[in-house]
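Written below as structure tokens is the structure these notes are about.
None of the figures in this text is laboratory data; all of them are computed from the coordinates on show. Please read all numbers here as calculations on a predicted model, not as lab measurements. Quick reminder, even Gly has a Cβ in these numbers, built from the backbone with ideal geometry, and neighbours come from all protein chains shown.
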Amino acid sequence: MHLYLCFSVCMTYKISLANIICKSQIICFTRVVKMSTVFTKKINPVTGKLEWVMQDENYDFHQEIARSAFADMLHDRERNRKYYEGIKLAVNKMHDANKKAHVLDIGTGTGLLSMMAAKCGADTVVACESFKPMAECAGKVIAENGFADKIRLVPKRSTELIVGESGDLEHRANILVTEVFDTELIGEGALGTFKHAHDHLLEEDCIVVPSSATVYAQVAESDLIVRWNRLLPFTNPKSGEVLLDTPPALDRCRGAASVHDIQLNQLPRSEFVALSDPVPVFRFDWTGQKPLEFHEAAVKTVQATQGGTAHGVFMWWDLEMDPEGQVSLSCAPRWARPDKKTPPPWRDHWMQAVYYLPGGLSVTAGEEFALAAYHDEYSLWFDVHEHASSYDASLEPPVCECCLHLACSRTHVGAMNDAGRRSRYVDALQEALGTAGCDAVLCLGETSLLGPLAARLGARAVYCVEEGGLARSVLNVFLAHNQLQDRVVIVPSIHSVQPQQLQQVTLILSEPHFGSALLPWQNLHFWYEKAALATHLPNSVGVMPRAATVWAVAVEFDHLWKICAPLHRVEGFSMSHFDTLIKSSRSISDSAVEPQPLWEYPCRALSKPFPVMEFNFLENLPKSTVDNSGDVFFESKGLCHGVALWADWDLDGNPKHVISTGPITPPDPGSFVAWDMHTRQGVYFFPRHHLVHCSAFLAFHVSFRPLEGDLNFGFQVFE
């Protein structure tokens, strides 16, 4: 598998790259090619077994297309319209100056911007696209719309284009149109792309669409931000006693270098306090009139709008599509948009970002402090100081030195800090350890504090299975700082636990959490690990959690449906070939259910929640397929886009001790669902949307195949 695809999957599902590399959950090691298929070798996230999986020979290409191209980018009407307006202004300006308009489109994708240029009257248009399947698709789209004789499509990177009579461009272009931006603006190599274009492909007095970009930053206080980045001391929620203290190495670590992209519009206003107004920190001139800086530092003196502690920086950017500033596009969150009356467009390709600040500077309302901003060729980072004179212009980007941020995703760090979960774990563990006379505990999972917590609460011996080397490093530091090394033993795999140790175990404990699990129920892996040890465990061994239930609810999304909806037409151009390519790629590479952090994507419940599968971990794994079918009536009229799915983990049979990965309050049909912010849920999208009434019902069939570890879902709407 290509490295860029690993990063694509990481960004799409918001998980740690270290989890992918350590667990090899999707990385292909070997391929055996036969006819039109390949066999890929991967680790099954549920069973833990190494498996050969038959895939289409172009599986990597199809997965890349499905994951990155069929998002909402081309559904973004504001983006499309403002590019169109900017291109029209550029072509007209050249013609008004009695010059021919020679357009270069870098990274053309579907060919949309090139067709806009041709429609606006450009004299020549050259479009380049290096991703072969997309270049082939662009050729079909361009031909379908009648521009095959007006647009020259070159299947190359822009850095490979040759200018000259026999080259890819007969002469340098005087208009550049391109969209090479991501949430961090420069993360896709925009600086290098523009510099090379100006040096080798463009005339000096060229027009660039967009012409410039401005990066904005806003300092914020937020306990939620802290909980996503720092592991807080584990306290007893009833007594306030510190059960597990945070090692200094973890507490002072600046965190991971990767951007934390987020839908800031969905971040509850109760979860943060803005300590400053938005401040422009960098401006990038894409026209070539000013040199682009690949490494830059800037310091801005800002006034605190409120008192508090600076925990993080919110970042977004704006584009000016033309030099005169007639056409602007903003990625600002709702509260910072120029036009506060108009709802912000929903974008999943250009979100906002959160950057974590070291130290936590305290500020007083009305006083001034310094916000330092930095960027290299691909990324941004920030710092705050009491005075502008004290900032370090050579500050390097943050690098995790404690291993926690490499071993865990930010959402899992948040889950480990969640007060409600901690309270349930403490109560359930105290009851289990107090009533069972527990001698030894076996903890199964990854980067979990439950093993050390069990030792602190009275377990004589704890055996923690940690397969990842980074996770073991974190746990060792934690144990040393809390003086638990004599009671907690870390083992690298379930096969490393000695039979005599297993015979003493009276409780198997799991969070459960595994880095390879993209969907909540894939954490059933701990059940398979328990099964692998069954012959060595006492018959009376307890299990926590003792059961799990997979739940579902029919939903209507505000916008998320766009990631799997056909385009049909964009700004008057037919996209049928692109729709066909995406539909085919999704059918080849995507499963029926995909993971999404649904707190970022508003949806309304159209039915009451209903259970679709139950698991009893006190029992052995079933030997044959388990099926469950049923139906549920819609209780609210709406457009049903699909079904949201999650898992509830029953720790000990007490309804107060249930860990849910779904709604934080029972969903009310017709109302928006409030989702847990620390896990991803599953979404089953219908191939077409159903307008449903209360007389309609949803039928389901779910099967669990224990040998493969598969949970297969089938849903159908009946009017």
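Calculated FRET efficiency, Thr580 to Lys608, Cβ-Cβ distance, R0 = 30 Å: about 0.20 to the nearest 0.05. Summarising the overall dimensions of segment 76-211 from its C-alpha atoms, the Rg and Dmax are 13.7, 38 angstrom. Pairwise Cα distances in the chain exceed 39 Å in 40 percent of cases.
Taking 0.36 nm per residue of separation and subtracting the current Cα-Cα distance, fully stretching the chain between Ala393 and Asp149 would add 82.7 nm.
Looking at the chain, the DSSP beta bridges with both ends there are about 75 percent antiparallel.
Give the lysines whose C-alpha is closer than 30 Å to that of Lys341, dropping any in the same chain fewer than 8 places away, or say none. The qualifying lysines are Lys82, Lys88, Lys300, Lys562, Lys637.
Hull volume per residue, based on the alpha-carbon atoms of segment 410-544 and their convex hull, is 105 Å³.
Straight-line cross-link reach from Lys49 at under 18 Å between alpha-carbon atoms covers these aspartates and glutamates, not counting any fewer than eight positions away in the same chain: Glu446, Glu466, Glu467, Glu529, Glu708, Asp710. Treating r as the C-beta distance of Ser587 and Glu368 and R0 as 56 Å, the FRET efficiency rounds to 0.45. Taking a point 7 Å out from the Cα of Arg81 in the direction of its Cβ, the residues of segment 334-374 whose backbone N falls within less than 17 Å of it are 338-347.
Sorting 550-558, 564-572 by average packing, meaning the other beta carbons within 10 Å per residue, from highest down gives 550-558, 564-572. Peptide packing: for 495-505, 104-114, the average count of neighbouring Cβ atoms within 10 Å per residue gives the ranking 104-114, 495-505, highest mean first. Taking a point 7 Å from the Cα of Arg283 along the Cα-to-Cβ direction, the residues of segment 300-321 with backbone N closer than 14 Å to it are 318-321.
Working from Cα pairs under 8 Å separated by at least six residues, relative contact order for the chain is 13 percent.
Gain on full extension, evaluated as 0.36 nm per residue between Gln498 and Lys156 minus their Cα-Cα distance, stands at 117.4 nm. The length gained by stretching the chain between Gln306 and Glu271 to full extension, at 0.36 nm per residue less their Cα-Cα distance, is 11.1 nm.
If you find the alpha carbon centre of segment 212-228 and of segment 316-341, how far apart are they in angstrom? With segment 212-228 and segment 316-341 each reduced to a Cα centre, they are spaced 18 Å. Treating each Cα of segment 528-654 as one equal point scatterer and applying the Debye formula with no solvent, the log10 of I(q)/I(0) at q = 0.12, 0.14, 0.17 Å⁻¹ comes out as -0.70, -0.87, -1.07.
Treating r as the C-beta distance of Asn654 and Lys132 and R0 as 45 Å, the FRET efficiency rounds to 0.20.
With the cut-off at under 17 Å, measuring from each backbone N in segment 606-638 to a point 7 Å along the Cα-to-Cβ line of Asp668 picks out 606-609, 635-637. When you count the other C-beta atoms within 10 angstrom of each residue and take the mean per peptide, 245-252, 89-96, 616-623, 657-664 line up highest first as 657-664, 89-96, 245-252, 616-623.
Radius of gyration (Cα atoms) of segment 213-401, expressed as a multiple of 2.2 N^0.38 Å: 1.10.
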